[in-house]
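Before any comments, here is the structure.
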Amino acid sequence: MLALIVLLVGGGIFLFTRDGGEPTDDRTTSEQATTEDGEETSEEPTEEETSEEATTEEATSEEVTEAAADGKGTKDAPYAIGEKFTVEDGEGGTLDVTIGDVNWDATDEVMGANEFNEEPGEGETYILVPVSMTYHGDGTSEPGFSLMVDYVTEGGNSYSDAGSVTPKSWLDVGTLHDGGTGEWEIGILIPADQAKNGHFAVSPLLNFSAEDVWVKAA
């Protein structure tokens, strides 16, 4: 009987020693990831990541605020004749633009500027649209290749620069460097009965992602 007790006690000590004296843990790796208090551990975002997210949200908020504060230049809220607005030229610079008072019956002036200008058809007339533009940037800007100005009627028809030589042509304006200002007139052929009822849509020629800036024609 004594020998049996010794055998059982010795076997128990052997098994305990083989397991390192520690109880086994049959839990899975994911279960072992829980803390002793039963709370699961999780990776917390670093202070840098939190700061970057906050900065991004703040920048987005500022952009929305600035857009809401201005709210002009759309077809529903156009600029007025004589008001200055700024567009990006698509090459790292900006253009301060003003559309001046329009001559709505300018056929005689345009045809007098160059005999090779296109003759208006029946019911058509030339209009002269004064443009003032100031360039800001490290490069240069060529007035004739900087802006597109279309006349859009109330009915939605669009009329572009007729390519005519005007009394005050962009050809007479030199290359603009930082701070330089140029002034010229654009000649557009439109139906005479559509004068003064529409808008001008202005966009930088080389900035293909830019949206039109709208200016009330009259």
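The values are calculated or read from the model by the stated rules, or taken from the named source; none is laboratory data. Just so it is clear, the model here is predicted, and its values are computed rather than measured. Quick reminder, even Gly has a Cβ in these numbers, built from the backbone with ideal geometry, and neighbours come from all protein chains shown. Just so you know, the surface numbers come from the protein's heavy atoms only, side chains and all, with ligands and any DNA or RNA stripped out. Shrake-Rupley method; radii C 1.70, N 1.55, O 1.52, S 1.80 Å.
Side notes on the structure shown:
- Test: Thr166 is at pLDDT 95 or above, closer than 30 Å to Glu91 by Cβ and in contact with a strand residue (DSSP E or B) (Cβ under 6 Å, 6 or more places away or on another chain): yes
- Residues (among the aliphatic types (A, V, I, L, M) and surrounded by 20 or more Cβ atoms within 10 Å (Cβ to Cβ)) located in region 192-218: Val202, Val213, Val215, Ala217
Residues are listed down the side, and each one gets a yes or a no for (1) on the phi > 0 side of the Ramachandran plot; (2) of a type in the set (A, V, I, L, M); (3) modelled with pLDDT of 95 or more:
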{"position": "Val131", "(1), (2), (3)": "no, yes, yes"}
{"position": "Phe145", "(1), (2), (3)": "no, no, no"}
{"position": "Val149", "(1), (2), (3)": "no, yes, yes"}
{"position": "Ala162", "(1), (2), (3)": "no, yes, no"}
{"position": "Thr175", "(1), (2), (3)": "no, no, yes"}
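- Here Gly156 does not fit the description of being among the small types (Gly, Ala, Ser), more than 27 Å from Thr74 (Cα to Cα), surrounded by fewer than 17 Cβ atoms within 10 Å (Cβ to Cβ) and within 26 Å of the chain's Cα centre (by Cα).
- Qualifying positions in region 192-215 - assigned to a loop (DSSP other than H, G, I, E, B), touching a strand residue (DSSP E or B) at 6+ places or on another chain (Cβ under 9 Å), within 20 Å of His136 (Cα to Cα) and among the hydrophobic types (A, V, I, L, M, F, W, C): Leu205, Ala210
- Among the residues here, Ala80 does not qualify as modelled with pLDDT under 95 and more than 18 Å from Thr125 (Cβ to Cβ).
- Number of residues in region 162-191 that are touching a residue at least 24 places away in the same chain (Cβ under 8 Å), open to solvent by 50 Å² or more (accessible area, probe 1.4 Å) and outside any loop (DSSP other than H, G, I, E, B) equals 4.
- Residue list for region 137-148, filter: more than 14 Å from Asn207 (Cβ to Cβ), open to solvent by 10 Å² or more (accessible area, probe 1.4 Å) and either of a type in the set (A, V, I, L, M, F, W, C) or not in a loop (DSSP other than H, G, I, E, B) (or both): Gly144
Condition check ((1) of a type in the set (A, V, I, L, M); (2) closer than 14 Å to Trp170 by Cα) across all residues:
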position	(1), (2)
Asp96	no, no
Asn103	no, no
Glu109	no, no
Gly112	no, no
Pro120	no, no
Ile127	yes, no
Met133	yes, yes
Phe145	no, yes
Met148	yes, yes
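- Within region 95-117, being buried (at least 16 other Cβ atoms within 10 Å of the Cβ) and either within 22 Å of Asp138 (Cβ to Cβ) or in contact with a helix residue (DSSP H, G or I) (Cβ under 6 Å, 6 or more places away or on another chain) (or both) holds for Leu95, Val97, Asn117.
- Thr98 free of Cβ contacts under 8 Å to residues at least 24 places away in the same chain, closer than 23 Å to Asn207 by Cα and not aliphatic (A, V, I, L, M): no
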